[in-house]
Every structure is written in C-alpha cells, then in structure tokens.
Amino acid sequence: MKNHSLKNLSRRQFLQQSAAVTGAFVVGMHLPVVSEAATASAAPALANAWIQITPSNQITLICARSEMGQDVYTSLPALLAEELNLPLSMVKVEIAGVAPVYINAMLGGQITGGSTSVREAFDKLRTAGAATRSVLVQAAAQRWNVAASECKALNGKVTHASGKSATYGELAADAAKLPLPEKPALKSPANFMVIGKEAMRRLDTPAKVAGKAVYGIDVKIPGMAIASLAQCPVIGGTPKSYDASAALKVAGVIKVVQISDGVAVLAKDFYAARKGRDALKINWDEGSNAGLSNATVRKSLEAGLSQKGAVIKTVGDVNKSTSGGKAVSAQYFLPYLAHSTMEPVNCSADVSNGKCRIIGPIQFQQGGQAVAAAAAGVKPEDVTIETTFLGGGFGRKLELDFIRQAAEISKAAGMPVKMLWTKEDDITHDFYRPMSIHQVDGILGSNGQLELMKAKMVSQSVTARAFPGFVKDGFDPFMVEGSNNVTYDIPNMEITNVITDTGVRVGYWRSVSNALNAFAIESFVDEAANAAGKDPVAYRMASLNKHPRAKVVLETAVKKSGYTAGSKRFGVAQMECYDTYSACVIELDTASTDTKVKKITFVSDCGLVVHPDQARAQLTGGVIYGLGAALGNAITIENGRVQQTNFNNYPSLRQNQVPTIEVHLIPSQEKPGGLGEVGVPLVAPALVNAIAAATGKRIRELPVKA
C-alpha cells in the first residue's frame, strides 16, 4: 500500500515535482473549509492533492479518510469518477499521509468519524474532478488548435469531432501547466453516470476477498519484534516495579521494556510475547480509580440531576403555566459500552535515527503524529503515519493511546515493533461510551400533545477529555446530538446537559450521543402518547408538521412494516441524525417467551445517495450493532476493574439472533446525509416501545437483558 506524505512543499512545487519526477499529473484544489481553526492551521506549503494521472492513464484518488468498512474506498472515488466522466473501475485508491490539507472540514482535524466522509467530500472531490476535466479538455484543444467547446472528455479520453483523440494520461503533462478554474461547473444529478447507480461495486472487495488487504494486524517491518503489553488492571494505573526474570526465560522472548503505563514483552512472535507477559511479576500503582465502581459512578450521575447544567436549547416559555395539563415524567439510564471492534487494538512503530514511523489502523492521523512525536522524542515533521485498513473502528481507533504505546515501546527497545493487544486488553482498557442518566418531564396540552418538555442529561463529556478547548461553559457540542435537533413541534421546550466527571475514561462510540438522547426522548414521546391514549405513530405524526422529510420516512416505515394501530407487537421511533431522517419499526415475535425481535423495518432519507447498496449495508450494520447493544451489552466496574473481558460476556449479536431487517431509502435530491452511524440510535427506543406495547412493561434502563 502506497502512502502519501506531503511535507514542506508549496502547491506549485508539489505539482511541478510530481510531474517532473514521476511523469504524473497531480491535481490539487484549494477548497474552502468550514473550520476556521483548520483553515488557520493549514500551511499553504501543503497543497491539496487528490488526483494523480500518469502518462499510462492511471487515475488515482489520494484518499484522506480511513477505510473501516464504511466504503470510502469506493464512494469517494465515485465522486471523482463522476466529474472526470470515467467508469469507477478506472480509478485506483491510495491512502493519504498526514497533512493539513486533508483536514476534515466538518470535524477540524484529519479525522474519519461522525458520518462525515461523503458529506464533507461531496463537493470537494467533485470540484477537484471537474477542474481536472476542464484543464484536460483545454490541453487537448490547444494541442489540436480547436475550441475547447468542441472537445469532449469521456472514459479517460478527450475527443474531437475531427476524429482526434488523446487519453487523459497523454494530456496530463500539458494540463498540469494550465491554471485550474476556481469554480468549475459541476454536473447535474440528472447527468450522473456513476453516483447513485445500483451496479456500483466496491473497489476494495477483490483485495479483501483475496486476503491481500493489509490491516494493522498484518503489518510487517524488517527486523520487527512482536510486543505484548501488560497494563494495570485498573485503567490509569502505572507500574511501580517488575521482575522480568521468568519472562526472559521464555523461548522466543527478546527483551522486556517498561513504558509509562505498562511493561512490554518483545518476542519473535505473539505466542512467545504473550507467554512472556504472563510470566511477568509486576507491582502496580493502581492510582485514583482503584475504588471505582458502577454504583459510585451512578450515584454521582444521579447527584448531577440536581445541578443546573448548561441549557442548550430553549423553545417558547418553559415556565408557562400549564395548569390542568397532564404531567408525564420519566428517568432513563444507559450503561457504559465498549467499542468491541473485531480487530483488536494494534500499532506498529519504528523509532530510529531521529525519525518515527507509525503504521496502523488509525482514525485520527494528525493526533497520531503529535503523540508519536512526543513519545519518540522527535519533531512532528519527523513522524510519518501510514494508515492501514481498519478491522472496525466505531470511534475506538480515533483514540491515540495505542500509537503512543507503540512509539514508546519501539524507542525503549531500540527496534521496530508491532504492539498487539488481546481481546481482553481491548475490552478492559477501552475508552467507553459514557454512562448517562436522563430526566424528562412533560405536560400534555388539551389535545393530548406535548405542550411542554424538559429534558436533562447527566453524563461525562468525551470532548472535555479529548478536545477540552471545544467545551465551554458546560456546553459539549457532541453531547447535544439527538437532543438539540428534536424534530417534534413542542411549543415549550428546554434541553439541559450536566457534565459530571466520574474518573472512567470515555470515548466517542458509534453514533456518539445520538444513541443516548434518542433512547430517552423517543421512549418519553411513546410514554406521552400512551398517557394521552393515542396511537404512537399518529401521536408523532401530529407533531412533525415542520419536518416533512421526517413525516415521509415515518409514513414509509409504517407502510413497509405492516404496522397497524392498536397492535401489541410493534414499536416505533424516529429522529434526524447527521442530516439524515430515519424511522425504525420493530416487530416482536410475540409467540416467544423471551424478548425476540421478528423484524426491523428501517427507512432513511439520507439525501442524494452515492452508493445505494453500501448505504443499505451501513444502515443494516448499524441496526445490528444497535440491537446487540440494546439486548445485552453493558460494561460494569468493580474495584476499578472492568468485569467484562471478551465476546463470551460482552457478546456481539450472532447470525442466528439477527432478525429480518428491511432497509428502504427515500429518493431525494437533498445534500448527502450521514449513514455510518445512523442505523444505531433508533433501535433501542423502538425495541423498548415495542415491549411496552406488547407487555405494558416500560423499560427505562438498558440493556434490555433478553
């Protein structure tokens, strides 16, 4: 896998050197970014570089987003192919290195997450493709001394009515000398030949099917050792002393080194490294979290309910007298969750000669570069980051701990290493989705609809830990997802968040806070409908008049699912999430004595769909991920130790447990919405709403524990 690292080159230098040295035409587009911070930090010496065209007519997209199954190795090239008037099969993908130009404008860093990859790239890559097509046509016109309007670019060639033609590669060198148009005309969706086509096939499938795709766990560096890291059973603890004599007697063990938060055994293979690690005798300083437990954490969250917190949304008069209105109140609770990716945490590092090379499954390249530089004692510009395929991310590989650890081990050992965690390491040392508690109070008006709703969420703040500068006056922009964008027309409403630090390290989990807030709000709306004596679908529809897209998805989900008012086997939920409107209907198998889901109908209006087959796949995957978590997952802590260790006590949904899942996409010409995380949040509330309909029992705490 080729990795592109762009350093200390001006835009012009980059273009000139690329063309001169490789014969390739490399196109960079300076495009506006949303983040002012990102713009300010973008050094003009590092030009955007998205496209390469070689003399042999190889067209390559330099992909700035990590591939973890969500399809950026196909959906992003599709954007380029569309404007270059190429079949997708003509585009090759190579992963980008680290550079400010690759900052995700929606997140302010070189980050893959937040269901932003296509949303952020949709105009940017199409613009780059259209600009490239424009200069290729101009180059051909100049070569043939004809008007550009008489030339046509299609399928990798520019042709003229006279019969003259040249490949993009043959025109590349001349095209590279021409100024790029700042605002090239983009194709109309009516003329799309790639985007939105059902026949599109994933470009990375052949490599994955053939076992040629390189994941972090596959990385090999000449002379490298395999490292297994012993970490304190209490997260945050550090080694005070250790005895490595037994470990060093294990056949295959090369050496033992201590780093800031653990002791690593290096060996010729993982078996020996793990065996050596088991032989270590370590005296730990368990730190301040040694006495931590679920009970103490929950108690602190409950205490937070009495705090004022940050009011993040106010509608109407929340102090309005509602005398005579029926009051509805409920409290909801969600547990800590682990990411539980299929590929455990791993990272390879080579710290030598004042340089640091990092290779691994990484979602945040810039952050990785910074922590590796600090760990290796080198300058950031002397750190290269090479991103492999990710065997699942869900937010876990956005963290940087494993990069730092690999760099520390390599530096301490004086040799290249691949650090590989076990699954047990992964589950017990994760950055967990925060535990949260939600108090929701409402008053029903004379028509039974919610006249007032107050929702207060108490939780730890991931952002306060990871990006503290983004949290001001108790406002965490990622804690409000799923609550500040409520689609219901409730005339008087107040949404409040309270940040409570409990000592447990928390991280962004698939769908971030959408899953937390959607569970509370969609459960509460169902309870309000029940209190009003109304059908939950009709109740929701009556409050969605300001969001016609939400009404359409709910209407469609009801129709596709076979939902009937008054039935005791259906549960519904709907929301807007990452610019995508979705509705979920869950049908229970009421013949089963356990909580068994028979069918899930999921409908989304995600705007213009780039890759329909993958869109449905992502939503299906999200639904399964959400259902597995709702039915049986929770991380619990006693004496500072996480009690779950592997798939046996923190299971993923098995194939025979997956119900029938139907996913439907609403045709739309709206801008693309997110997809990778959208399938997750609605499953849990739809499930408990179905259980309430079937049994009359309202579940307000997850997991359901089928």
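The values are calculated or read from the model by the stated rules, or taken from the named source; none is laboratory data. Bear in mind that the values here come from a model prediction, so they are computed numbers and not experimental data. Cβ sites come from the backbone with ideal geometry, for glycine too, and all protein chains shown count toward neighbours. Accessible surface areas use protein heavy atoms only, side chains included; no ligands, DNA or RNA. Shrake-Rupley method; radii C 1.70, N 1.55, O 1.52, S 1.80 Å.
Observations
- Ordered from highest to lowest accessible area with the whole protein assembly present and a 1.4 Å probe, MET193, MET575 read as MET193, MET575.
- Within the shell of other residues whose beta carbon sits under 14 angstrom from the beta carbon of ILE637, the net charge comes to +2, with Lys and Arg scored +1 and Asp and Glu -1.
- A 1.4 Å probe over all protein chains sorts LYS456, LYS197, LYS546 by accessible area into LYS546, LYS197, LYS456, starting with the largest.
- Partner lysines for LYS598 [C-alpha distance under 24 Å; skip if fewer than 8 residues away on the same chain]: LYS559, LYS560, LYS568, LYS697, LYS705
- When shorter helices are ignored and each DSSP H run of at least 4 residues is given -39500 (n - 2.57), the per-residue value for the chain at 222 nm works out to -8500 deg cm²/dmol.
- With contacts taken as Cα pairs under 8 Å at a separation of at least 6 residues, the chain carries a relative contact order of 13 percent.
- Under 19 Å from the Cα of LYS164 - lysines, other chains or at least 8 residues apart: LYS152
- Modelled spin labels at PHE270 and THR167, positioned 7 Å past Cα toward Cβ, are 4.1 nm from each other.
- Summed over the residues of the chain and divided among them, the accessible surface reaches 39 Å² per residue at a probe radius of 1.4 Å.
- Full-stretch length increase - LYS183, SER245 - with 0.36 nm per residue and alpha-carbon distance subtracted: 15.7 nm
- Relative frequency of Cα-Cα separations exceeding 15 Å in the stretch 186-282, percent: 70 percent
- Potential extension, SER149-ALA538 segment - 0.36 nm per residue separation minus Cα distance: 134.5 nm
- Accessible carbon and sulfur surface of the stretch 298-373 relative to its total accessible area, %, 1.4 Å: 50 percent
- Nitroxide proxy distance, nm - points 7 Å out along Cα→Cβ at THR660 and ALA374: 5.3 nm
- Rolling a 1.4 Å probe over the protein chains gives TYR215 an accessible area of about 60 Å².
- In the stretch 310-367, inverting the average of 1/r over every pair of distinct C-alpha atoms gives 18.4 Å as the Kirkwood radius.
- Value of relative contact order over the stretch 394-544, rounded to a whole percent, pairs C-alpha under 8 Å and six or more apart: 28 percent
- Charge tally around LYS183: other residues with Cβ under 15 Å, Lys/Arg +1 each, Asp/Glu -1 each, net +1.
- Take every Cα pair under 8 Å whose residues are at least 6 apart in sequence, average their separation, divide by the length of the stretch 546-602, and the relative contact order is 32 percent.
- At the residue level, ASP269 shows approximately 60 square angstrom of accessible surface with a 1.4 angstrom probe and all protein chains present.
- Environment charge at ALA376 (Cβ cut-off 14 Å; Lys +1, Arg +1, Asp -1, Glu -1): +1
- A 1.4 Å probe, protein heavy atoms only, puts the accessible area of GLU386 near 40 Å².
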